[in-house]
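Novice: Sharing a structure, written as structure tokens. Questions coming.
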Amino acid sequence: MPGILLGDVLPNFEAETTIGKIKFHEFLGNSWGILFSHPRDFTPVCTTELARAAKLHDEFKKRDVKMIALSIDSVEDHRKWSEVCLRSKFSAEIHFVVKWVEKHCFRIRELWLRIGDCETVFVVGPDKRLKLSILYPATTGRNFDEILRVIDSLQLTATKKVATPVDWQPGQEVMVIPSLSDEEANKLFPAGFTLKEVPSGKKYIRYTKP
């Protein structure tokens, strides 16, 4: 059974969490969402990751991104692990509750992706469609600077007809998508665009300000 593909609607589910029972789609509302999967509670790499996620709570909030964590252990274990993550030396002292999905998330995993002991990141748009998925081995911690960078790119390109080039950072120039003619691009981007010359002579690399 294949996993969820980019552009697919993520299945709704109902589960017990550290903040009570939730329905996933209702929990997201009209916001963006990010879901982190973890093999188990009290694993060393995941503890550093969730502490980092908690520390970046305000960064996710200002992007209107709601966080939820998926693990197979009990809600009680989740609460205890939450205290470790929020009070460890890896985390700032902030007011934030990480939400964990209860044991029957085994079925959710089966529906979404056969991830085994891997760690997954799903970024979900307000339309409940999958915008990004990243699969990490359990031995490699997630890079939250990159996750935030990608969310910035996804949110920008969801509203403008642009793409972000290699190593792009917010505030830098973006690329006009190839499907736009020069005439259409001039209408959409009053500041104009810069054409980059390439050996082939093809005029397809165009930079503009977002």
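Novice: Give the shape of the stretch 124-168 as rounded, prolate or oblate, defined through the alpha-carbon gyration tensor: a ≥ b ≥ c are the square roots of its eigenvalues, a/c under 1.5 means rounded, and otherwise the shape is prolate if a/b is larger than b/c and oblate if not. Show your work: numbers first, answer last.
Specialist: On the way: a/c = 2.84, a/b = 1.50, b/c = 1.90.
Since a/c reaches 1.5 but b/c is at least a/b, the shape of the stretch 124-168 is classed as oblate.
Novice: Same structure again: Pairs to check: K131/K202; K128/K161; K61/K196. Give those whose C-alpha atoms are more than 26 Å from each other in this structure.
Specialist: Details: K131/K202 30 Å; K128/K161 21 Å; K61/K196 36 Å.
With Cα atoms farther than 26 Å apart: K131/K202; K61/K196.
Novice: How long is the gain from Q172 to N30 if the chain were fully straight, where each residue apart is worth 0.36 nm and the alpha carbon distance is subtracted? Please list the in-between numbers first.
Specialist: On the way: separation 142, 0.36 × 142 = 51.12 nm, distance 2.76 nm.
Contour length minus the Cα-Cα distance gives 48.4 nm.
Novice: Classify the stretch 162-208 from the C-alpha gyration tensor, please: rounded if a/c falls under 1.5, else prolate or oblate depending on whether a/b exceeds b/c.
Specialist: On the way: a/c = 1.89, a/b = 1.07, b/c = 1.76.
Judged from the Cα gyration tensor, the stretch 162-208 comes out oblate (a/c at least 1.5, b/c at or above a/b).
Novice: As an exercise, identify the trypsin sites (Lys or Arg not before Pro) in the stretch 139-210 lying in DSSP coil whose Cβ has no more than 16 other Cβ atoms within 10 Å. Could the numbers behind the result be given before it?
Specialist: Values: sites: R142, R149, K160, K161, K187, K196, K202, K203, R206; in loops: R142, K160, K161, K196, K202, K203.
Here the trypsin sites (Lys or Arg not before Pro) that fit, given the DSSP loop and packing criteria, are K160, K161, K196, K202, K203.
Novice: Using r as the Cβ-Cβ distance of E146 and Y207, and R0 as 22 Å, what FRET efficiency do you calculate, to the nearest 0.05? Could the numbers behind the result be given before it?
Specialist: Numbers: r = 22 Å, r/R0 = 1.01.
Once the sixth-power term is evaluated, E becomes 0.50.
Novice: Counting Lys and Arg as +1 and Asp and Glu as -1, what is the net charge of the other residues whose Cβ lies under 9 Å from the Cβ of L188?
Specialist: Numbers: positive: K160, K161, K187; negative: E184.
Here the charged neighbours net out to +2.
Novice: Between A158 and V9, what is 0.36 nm times their sequence separation minus the Cα-Cα distance? Round to one decimal in nm.
Specialist: Values: separation 149, 0.36 × 149 = 53.64 nm, distance 1.61 nm.
Value of the extension gain: 52.0 nm.
Each reported figure results from applying straightforward, stated rules to the coordinates on display, with no laboratory input. As the structure is a computational prediction, the values presented were derived from the model and not from experiment. Neighbour counts run over all protein chains shown; Cβ positions are idealised from the backbone, glycine included.
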